[in-house]
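Notes follow once the structure below has been shown.
Please treat every number below as a calculation from the coordinates, not as lab data. Predicted, not measured: the structure shown is a model, and the values here were computed from it. No Cβ is skipped: glycine too gets one built from the backbone with ideal geometry, and neighbour counts run over all protein chains shown.
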Amino acid sequence: MRSKIFAGAGLLALLVAHDVSAQTELVINSFGGAYERKHRELVIDAFEKANNVKIIVTTVYSADMVAQLRAQKAAPRFDIVHLSGGLEATAAAEGLLSPIKPEQLANYADLYPFAVQNIAKGEGPAYSAAVVGMLYDANKAKPAPQSWLDITNPAYAGHLVLTDLSNNWGLLSFLMINKVAGGTLDNIAPGLDIVKKSLAGATILSKSPEIQQAFAQSDAWVAPYAQDYAFTLTQAGLPVKFLQPKEGAVFSPITVNLVAGRPNQALALKFIDFSLRAEASAGWAEAFRYAPVNRKAQLSAEAAAGVLSGEEATKNLVTFDPIKIGQMRGAWTEQWNRTIAK
Amino acid sequence: MKREAFLLLMPGVVVLGFVFALPVAQVLLLAFDEGPGQIGAANFSKLFVDSYYPLVAERTIRLASLITLVTALLGVPLAYVMYRAQGWIRSALIVLIVLPLMTSVVIRTFGWLVILGRGGLLARTLDMFGLAPRNFSLMHTETGIVLALAQVLLPFMTLTVLAAMSRIERNLEEAARTMGAGIFATLWHVVLPLARPGIVSGSLLVFALAVSSFVTPMLVGGVRLPVLAGAVYQQMTSTLDWPFAAAQATLLLALALLVILPYARLARARGG
């Protein structure tokens with residue numbers, strides 16, 4: 001009889017504990033690899049300790065993340081989603097996110113205007129900003145690339161890495177190549193022609209770790225990609241440098257967003273605020289050379305030299321209309337697949 | 001007696017209906033969804049607007065057939081060896097075959113990425129014999145896909161054929177040998193025909209698995225060698241055009257049935 005009481009009490013305790021833990025738990029996504037490790041260090045683990053909560057992190061890239069949110073619209077399973085490449089605009093337009101009001105964020109006053117420009121539209125704030133340009137092996141890529149169109153340079157044939165459109169950095173670098181070649185968001189034929197010309201000497205990859213492996217093991221010399229990975233590769237001992245081609249580079253804020261229809265909105269808002277604080281901003285800049293969003297971020301001398309900081313620097317960068325990207329992405333992917341298929 | 005059989009079957013049929021028939025029916029219906037409130041075959045005509053999807057479908061079927069052939073060529077002799085082996089050797093071989101099945105297919109595929117890549121085991125071995133340079137790579141090739149997927153699916157063929165062979169009576173082989181048949185003649189005239197049902201089941205299983213596989217082809221073949229299942233995955237997660245993805249899935253199902261049904265019927269007709 002006693003064992004039955006204990007068993008019953010144990011079961012009850014388990015149920016209650018599960019229920020309680022559901023209150024102090026956040027489900028978020030991150031982007032895997034070195035990025036996710038840094039994310040944990042700068043924001044996730046610190047928040048867990050400071051607030052005694054549990055955060056469940058799943059590695060999901062932005063396009064996949066929006067697909068999942070769409071599928072889960074009736075009963076979303078994520079509290080906070082991190083999105084890049086303008087996908088926050090698509091998610092907000094579809095009502096998948098809860099709008100955030102400036103007064104709900106303690107760090108709001110310290111943020112640069114570019115980080116919060118679309119909060120009124122229901123998007124979350126940017127917590128770091130990446131720049132998409134050209135990665136190149138400083139020792140082997142001779143001459144060093146100067147222009148986006150240099151991907152067709154026969155000197156790089158066999159050592160060029162292009163990124164698939166399923167990856168946001170691949171999409172943005174392609175749109176830039178298209179722009180430089182004379183195309184627009186409505187006409188990507190010029191961009192596809194350039195890609196077709198360089199296809200014979202190119203490998204097409206889709207995930208960040210694959211790019212890393214390509215430079216480390218597969219003799220890659222040139223790859224249009226984001227600045228953060230150049231720094232990661234340099235840290236890994238490879239002579240890889242980042243440059244902004246002469247026609248400009250693409251600016252891509254990475255946003256943290258509140259998912260609509262979830263119970264832990266107050267805790268989630270706290271997490272979002274925590275992501276925007278000065279230490280986190282500085283940490284991202286030191287680790288990956290992301291542009292800081294918080295005016296009060298204190299950067300070391302080398303980090304300050306390597307990042308684009310402040311309104312002036314970001315003014316010269318190119319952005320593409322995220323709503324248009326969201327609408328046209330499907331059609332672009334179809335055309336891209338046909339161009340790259342063997 | 002019939003009523004009892006019916007009642008015993010009912011729970012299984014109901015479960016199968018929910019987890020199999022209902023989702024498949026939903027996908028088929030989704031394929032005809034042309035937008036809010038419209039029904040039509042626009043998604044299917046989109047598939048044939050140019051040669052891209054037909055090429056993807058052709059590649060899927062061709063690679064799946066090749067993989068089935070390779071696993072049969074490797075798996076049937078292996079099953080025979082296992083069938084003839086006794087005691088601990090047989091157990092060891094079974095463990096060797098089954099162990100990979102307990103590892104995730106992604107992990108096994110990653111193993112292939114290392115072997116097939118530049119400077120990998122394959123490249124270095126070929127370089128040792130002077131057959132290929134060090135940076136030779138089967139990554140991002142159809143050959144690589146066939147190799148990796150054949151290895152992943154080999155246990156399914158081997159175990160199915162082994163099960164069929166185990167039901168063959170030993171004395172039949174001995175009888176053939178005493179009548180003067182050599183080893184290969186015995187194999188050809190006695191063992192293989194008796195194991196045919198197993199070989200047929202094994203090939204159907206491997207073909208069905210190979211034709212719907214997308215993880216290994218995506219990882220080994222890359223984005224330039226799409227297969228139908230991979231295209232469906234991309235539509236579902238990246239382009240987000242679910243009705244079109246459903247149309248592709250229906251095409252995959254139709255093509256697979258087109259190959260499997262005649263094959264199964266033919267095999268049964270010849271006494272398999």
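Just a few scattered comments:
- Of the trypsin sites (Lys or Arg not before Pro) in region B:232-272, those whose Cβ has at most 15 other Cβ within 10 Å and which sit in DSSP loop: B:Arg270
- Residues whose amide H comes within less than 5 Å of that of A:Tyr225, counting only those at least five positions distant or on another chain, are A:Gly133, A:Met134, A:Leu135 (H built at 1.01 Å from N in the peptide plane).
- Under-5 Å amide H pairs with A:Gln298, H placed in peptide plane, nonlocal only: A:Ala282
- Prolate/oblate/rounded call for region A:155-264, Cα gyration tensor, a/c under 1.5 rounded: oblate
- Counted by neighbouring Cβ atoms within 10 Å, the residues B:Trp242, B:Trp112, B:Trp188 run from fewest to most as B:Trp188, B:Trp242, B:Trp112.
- Loop-located GluC sites (Glu not before Pro) across region B:146-221 with a Cβ neighbour count of 10 or fewer within 10 Å are B:Glu169, with loop assigned by DSSP.
- Semi-axes of the equivalent ellipsoid for chain B, Cα gyration tensor, largest first, Å: 37, 30, 17
- Cα convex hull of the protein assembly as shown - mean projected area over all directions, nm²: 38.6 nm²
- Per-residue ellipticity at 222 nm from helix content only, as computed over the protein assembly as shown with -39500 (n - 2.57) for each DSSP H run of at least four residues, stands at -17500 deg cm²/dmol.
- Chain A, relative contact order [Cα under 8 Å, separation at least 6], %: 24 percent
- Panel order for B:Ile94, A:Ile177, A:Ile340, by other beta carbons found within 10 Å of each beta carbon, from fewest to most: B:Ile94, A:Ile340, A:Ile177.
- Pairs exceeding 24 Å between alpha-carbon atoms, taken from A:Lys38/A:Lys296; A:Lys38/A:Lys101; A:Lys38/A:Lys207: A:Lys38/A:Lys101.
- Order of B:Tyr52, A:Tyr290 under a 10 Å beta carbon neighbour criterion, fewest first: B:Tyr52, A:Tyr290
- Gyration tensor verdict on region A:20-115 (Cα atoms; rounded if a/c is under 1.5, prolate if a/b is larger than b/c, oblate otherwise): rounded
- Take the Kirkwood radius over Cα pairs of chain A, plug it into Stokes-Einstein at 4 °C and 1.567 mPa s, and you get 61 µm²/s for translational diffusion.
- Here the contact order of chain B, divided by its residue count and restricted to Cα pairs under 8 Å and six or more residues apart, works out to 26 percent.
- 5 angstrom amide H check on A:Val240, placed H, neighbours 5+ away: A:Ala138, A:Thr234
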